[in-house]
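For reference, the structure discussed in these notes is given below.
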Amino acid sequence: MATTEAASHRLPKAELHVHVEGAAPPALVARLAERHGLDLEGVFDDQGRYRWEDFTGFLHAYDRAASVFRTPEDYAVLSETYLKEIAADGAIYAELTISPDHAAGAGLSYVDYVAGLAEGIGRARAETGIEARMIAVGVRHFGARAVEQVASQVIAAPHPLVTGFGLAGDEREGHPANFARAFRMAGEAGLGLTAHAGEVCGPESVTATLDFLRVQRIGHGVRAIEDPEVVRRLVEDEVVLEVCPGSNLALGLYERLRFHPVNLLRRSGCRITLNSDDPPFFHTSLAEEYESCATTFGWSGADMLDMTREAVRGAFCDPATRMRLMGRIEEHGNGES
Ligand code: ADE
Ligand code: ZN
C-alpha cells in the first residue's frame, strides 16, 4: 500500500505502548537462542514468523521468545534495534514496556535488566535523536504478590529512564482491587500509572481499573465503547488511551479496521494515541498503525500530528523533554503549512 502523506516517514510519531520483549525481531530471537543453546521448537512458523493461535497462545509464545534474552547486552541490542527501526520511520519518542519478571525468569536482576535496556536507549538516541522511557509492568496472572514485588524493585532502585509502572498479562485473571497496593506504592513514588484493561475484557474492567488503580492512562481501553457511561468517564477524567488497533485485529477483537472503535472513541472526545503493542507478533509497526488509520478513517496529516501531540502530552517524561518533543512536532507542522 502506498504511504499516505498523513503517515509518511517524515511525520513525527510517538508511542506509549510497546512491550520491549514483544518487539523482538524473530531473527534476533533465533540468533540468541542459538548462541545460548536454547530450544525454541514451535515458536516460529515455516516462514520464520512467530506462531500462536489465540490470546493464551500469544502470551505463551511471548514468554518463550523473551526467555532468550540472558545478558544486559542482549537487552541493549533489543532496545537499540527497535528504537532505531522506528526512528527511521519518523518516531521521536517511545515508552518501552519492560517486564522485570521475564528478565528474572532468564536469570537477570532488575538492575542489570534496566542497565542493559538503558544502554541500548542511549545508543539509539545518540544515533537518531529518539527519546525513550521505560514503564515497568507486573504480570497480572503471576498474582498480586509478584506485582507488588515489581513495584518494590522499581522503587528500591530508581532509574531516571524508568518513569512509569503498569500491569500487563491476562486481563481475565485477578480483579484490579488485588493490585491496588502495588499501584499505590508506585504512585506515591512518583511513577506514572497505566494498566491494560478493556482489551480482552469489557467496559467493567476499565471501570474497575479506574476505581482501584488510579491510572492516568489505560492500555487499550477500546472496549469502553460498549458502555457510553464509561466513555463519558474517560473523557471527563481526561484518561489517555493507548490504542493498539493492529494488535486488536490480530487477536480477533475486531474483524476489520473499519469496525474498530478508535475513530468513534476519538469523535467522542477520548484522548487517543496509536501504538504497536507487540509489532512482529501482530505483523504491524508504529508506521503501519499511523498509515492504516489514516487510510481507513480518512485522517489528515494534521489529525495524525494531533495523535503524536496527544502521546507527548500523555508521556511519562519530564517537562523539559516534553517541551523539546513538542518543539519537534511544531517544527514539522510549520514546515508543512
Ligand atoms: N503482554 C504483551 N502484550 C500484551 C497484551 N496485548 N495484552 C496483555 N499483556 C500483554
Ligand atoms: Zn500491551
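The values are calculated or read from the model by the stated rules, or taken from the named source; none is laboratory data. Please read these numbers as outputs of a predicted model, since none were measured by experiment. FYI the Cβ positions are ideal-geometry reconstructions off the backbone, even for glycines, and counts take in every protein chain you see.
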Quiz item: Applying the selection to the stretch 286-306, what residues are surrounded by fewer than 18 Cβ atoms within 10 Å (Cβ to Cβ) and within 16 Å of ligand 2 (Cβ to nearest atom)?
Solution: none
Quiz item: Applying the selection to the stretch 243-270, what residues are of a type outside the set (A, V, I, L, M, F, W, C) and surrounded by fewer than 20 Cβ atoms within 10 Å (Cβ to Cβ)?
Solution: GLY252, TYR254, GLU255, ARG256, ARG258, ASN263, ARG267, SER268, GLY269
Quiz item: For PRO158, which of the numbered conditions (1) over 28 Å from VAL262 (Cβ atoms); (2) of a type outside the set (Gly, Ala, Ser); (3) in contact with a Leu (Cβ under 8 Å, 6 or more places away or on another chain) fails to hold?
Solution: (3)
Practice problem: Scan the stretch 33-53 for residues that are farther than 20 Å from PHE142 by Cβ and touching a residue at least 40 places away in the same chain (Cβ under 8 Å) and jot them down. | Solution: ARG49, TYR50
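Each row is one residue, and each column tells you yes or no for (1) at pLDDT 95 or above; (2) within 30 Å of LEU59 (Cβ to Cβ).
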site: CYS244; (1), (2): yes, yes
site: LEU251; (1), (2): yes, yes
site: PHE281; (1), (2): yes, yes
site: ASP318; (1), (2): yes, no
site: GLY333; (1), (2): no, no
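Considering only residues of the stretch 310-327 that are among the small types (Gly, Ala, Ser) and in a helix (DSSP H, G or I), which is surrounded by the most Cβ atoms within 10 Å (Cβ to Cβ)?
Step one: filter the stretch 310-327 for residues among the small types (Gly, Ala, Ser), giving 311, 314-315, 320, 327.
Filter again for in a helix (DSSP H, G or I), leaving 311, 314, 320, 327.
Working: ALA311: 29, GLY314: 24, ALA320: 8, GLY327: 10.
Of everything passing the filter in the stretch 310-327, ALA311 is surrounded by the most Cβ atoms within 10 Å (Cβ to Cβ).
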Quiz item: PHE58: closer than 27 Å to GLY164 by Cβ and either surrounded by fewer than 21 Cβ atoms within 10 Å (Cβ to Cβ) or free of Cβ contacts under 8 Å to residues at least 60 places away in the same chain (or both), yes or no?
Solution: yes
Exercise. Could you tell me whether any residue of the stretch 82-95 is surrounded by fewer than 18 Cβ atoms within 10 Å (Cβ to Cβ) and more than 14 Å from SER285 (Cα to Cα)?
Key: no
Quiz item: Restricted to the stretch 173-203, and to residues that are more than 16 Å from ligand 2 (Cβ to nearest atom) and closer than 23 Å to LEU249 by Cβ, which residue is surrounded by the most Cβ atoms within 10 Å (Cβ to Cβ)?
Solution: PRO203
Quiz prompt | Per-region count, the stretch 280-307, residues among the aliphatic types (A, V, I, L, M), touching a Gly at 6+ places or on another chain (Cβ under 9 Å) and within 15 Å of GLY90 (Cβ to Cβ) | solution = 4
Quiz prompt | Candidate set: the stretch 4-27, residues that are within 16 Å of ligand 2 (Cβ to nearest atom) and assigned to a loop (DSSP other than H, G, I, E, B); chosen: the one nearest to VAL312 (Cα to Cα) | solution = VAL20
Quiz item: Looking only at residues in the stretch 223-252 that are in a loop (DSSP other than H, G, I, E, B) and away from ligand 2 (no atom under 13 Å from the Cβ), which one is nearest to the chain's Cα centre (by Cα)?
Solution: VAL239
Quiz item: If you check ALA94 against the conditions, is it closer than 29 Å to LYS13 by Cα, small (Gly, Ala, Ser) and out of contact with any Lys or Arg (no Cβ under 9 Å at 6 or more places or on another chain)?
Solution: no
Exercise. Count, please, the residues in the stretch 189-244 that happen to be among the acidic types (Asp, Glu), within 15 Å of ligand 1 (Cβ to nearest atom) and out of contact with any Ser or Thr (no Cβ under 7 Å at 6 or more places or on another chain).
Key: 1
Practice problem: Please specify each residue of the stretch 142-165 satisfying the condition of being in contact (Cβ under 8 Å) with a residue 40 or more places away in the chain and in contact with a helix residue (DSSP H, G or I) (Cβ under 9 Å, 6 or more places away or on another chain). | Solution: PHE142, ALA146, VAL150, GLN153, VAL154, ALA157, HIS159, LEU161, VAL162, GLY164
Quiz item: Residue check, GLU330 against (1) away from ligand 2 (no atom under 16 Å from the Cβ); (2) not in a helix (DSSP H, G or I), all met but one. Which one?
Solution: (2)
